[in-house]
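Trainee: To start, I am sharing the structure in question, which I have written as structure tokens.
The values are calculated or read from the model by the stated rules, or taken from the named source; none is laboratory data. Just so we're clear, the structure is a prediction, and the values are computed from it rather than from any experiment. For neighbour counting, all protein chains shown are included, and Cβ atoms are generated from backbone atoms with ideal geometry for every residue, glycine included. These accessible areas exclude ligands, DNA and RNA; they are computed on the full protein's heavy atoms, side chains included. Shrake-Rupley method; radii C 1.70, N 1.55, O 1.52, S 1.80 Å.
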Amino acid sequence: MTFGEQPAYLRVAGDLRKKIADGSLPPHTRLPSQARIREEYGVSDTVALEARKVLMAEGLVEGRSGSGTYVRERPVPRKIARTGYRAVNGGSTPFRQEQAADGARGTWESRSEQIEANAAVAERLGIRVGDRVMCTKYVFRDAGEAMMLSTSWEPLAVTGRTPVMLPEEGPLGGCGVVDRMAAIDVIVDNVAEEVGARPGLAEELTSLGGVPGHVVIVVHRTYFASGRPVEAADIVVPADRYRIAYHLPVR
């Protein structure tokens, strides 16, 4: 096989990727061995190894101890809808609304604790390093499968010593940020989200059921009340299984 200017290992990986996509190498099929790749494509062992590494990093194949490398089953991505942040009857969060609307079997678990804001959190909330914040970590599940992680921070200068200090407890436990803040006369009037992607951290992939090298979508969200940040959150979603869809009203 004649290779062009593209590195040989990428050309080999590209051809194998095409075979996976068109079904020539269906899920659970063993990937050709390093020796077979070398012979079929006329490349060195190093090129064959690097091509296999590319496919593994892309999450297309997985190694099985003592057995070889196999094509992974590719899930059909599901949508996670983002529908805005208006207050609604019942005060439920967007996740709860969307799960109910789709008839999905969504559950979640959370844990809150008071911590001191580090430099990154302090910058996002417009407070000083070391100021106390309520940190709440969530795991959201669909039919028992972890689908989304979220970590939120709220300045205790805003919520401390109020009925909404703990996001998932008290009279408004489990309600959205907009409704909880309104209960203490803090009117949320703006929200900003920045969406990016990066390789998942080891602890994130352990929780989400991914493998090293998998990419996650990260949403950095901040709620504002009259220009003051009142909540910041990082939302992490496995990119191979979900897409984030925005449905925002036109004003």
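Trainee: Would you mind getting the accessible area per residue of the stretch 155-251, heavy atoms of the protein chains only, 1.4 Å probe, in Å²? Don't jump to the answer; show the numbers that get you there.
Mentor: Working: 4990 Å² over 97 residues.
Ligands and nucleic acids excluded, the figure is 51 Å² per residue.
Trainee: Full extension from R198 to Y246: what is 0.36 nm times the residue separation minus their Cα-Cα distance, to one decimal in nm?
Mentor: Working: separation 48, 0.36 × 48 = 17.28 nm, distance 2.00 nm.
In short, 15.3 nm is gained.
Trainee: Still on this structure, I have one more. What are the ³J(HN,Hα) couplings of the stretch 153-170, residue after residue, when phi is run through the Karplus curve with 6.51, -1.76, 1.60 and θ = phi - 60°? Round to Hz, x for glycine and proline.
Mentor: Residue by residue, the stretch 153-170 yields 10, 10, x, 5, 5, 9, 9, x, 6, 10, x, 10, 4, 9, x, 10, 9, x Hz.
Trainee: Going down the list K53/K137; K79/K137; K19/K137, which pairs span over 29 Å between their C-alpha atoms?
Mentor: Beyond 29 Å: K53/K137; K19/K137.
Trainee: Okay, moving on. Among P212, P155, Q34, flag the residue with its Cα farthest along the positive direction of the charge dipole of the chain, charges on Cβ as +1 for Lys/Arg and -1 for Asp/Glu.
Mentor: Q34
Trainee: When the dipole is taken about the Cα centre of the stretch 1-60, and only Lys, Arg (+1) and Asp, Glu (-1) are charged at their Cβ, what size is it in debye, to the nearest 20?
Mentor: Values: 9 positive and 8 negative charges, 35 e Å.
Its charge dipole is roughly 160 debye.
Trainee: For the chain, which span is the longest to avoid every loop-located (per DSSP) member of GluC sites (Glu not before Pro) having at most 11 other Cβ atoms inside 10 Å?
Mentor: By the stated rule (loop sites, at most 11 other Cβ atoms within 10 Å), 74-251.
Trainee: Quick one: with all protein chains in place, what share of the accessible area of the stretch 152-251 is carbon or sulfur, to the nearest percent (1.4 Å probe)?
Mentor: 57
Trainee: Just from its helices, what would the mean residue ellipticity at 222 nm be for the chain, if runs of 4 or more DSSP H residues each count -39500 (n - 2.57) and the sum is divided by every residue, rounded to the nearest 500 deg cm²/dmol? The partial results should precede the final answer.
Mentor: Numbers: 8 runs with 68 residues, N = 251.
Value at 222 nm, helices only: -7500 deg cm²/dmol.
Trainee: Enter the angle in degrees (range 0 to 90, nearest 10) between the Cα long axis of helix 8-21 and the first principal axis of the Cα atoms of the chain, meaning the one along which they spread out most.
Mentor: 70
Trainee: May I pose another question? Simple spin-label model, 7 Å along Cα-to-Cβ: R78 to E145 in nm?
Mentor: Here the modelled spin labels are 0.7 nm apart.
Trainee: State the label only: which of (1) 61; (2) 65; (3) 56 corresponds to percent of Cα pairs over 21 Å apart computed from the shown model?
Mentor: Of the listed options (1) 61; (2) 65; (3) 56, (2) comes from this structure.
Trainee: So what does L166 come to for accessible area, using a 1.4 Å probe and Å² rounded to 10?
Mentor: Approximately 50 Å² of L166 is accessible to the 1.4 Å probe.
Trainee: For the chain, with the dipole built from +1 on Lys and Arg beta-carbon atoms and -1 on Asp and Glu ones, taken about the Cα centre, which of C135, V164, G106 lies farthest toward the positive end?
Mentor: G106
Trainee: Determine the dipole magnitude for the chain: charges of +1 sit on the beta-carbon of Lys and Arg, -1 on that of Asp and Glu, nothing else is charged, the reference point is the Cα centre, and the result goes in debye to the nearest 20.
Mentor: 500
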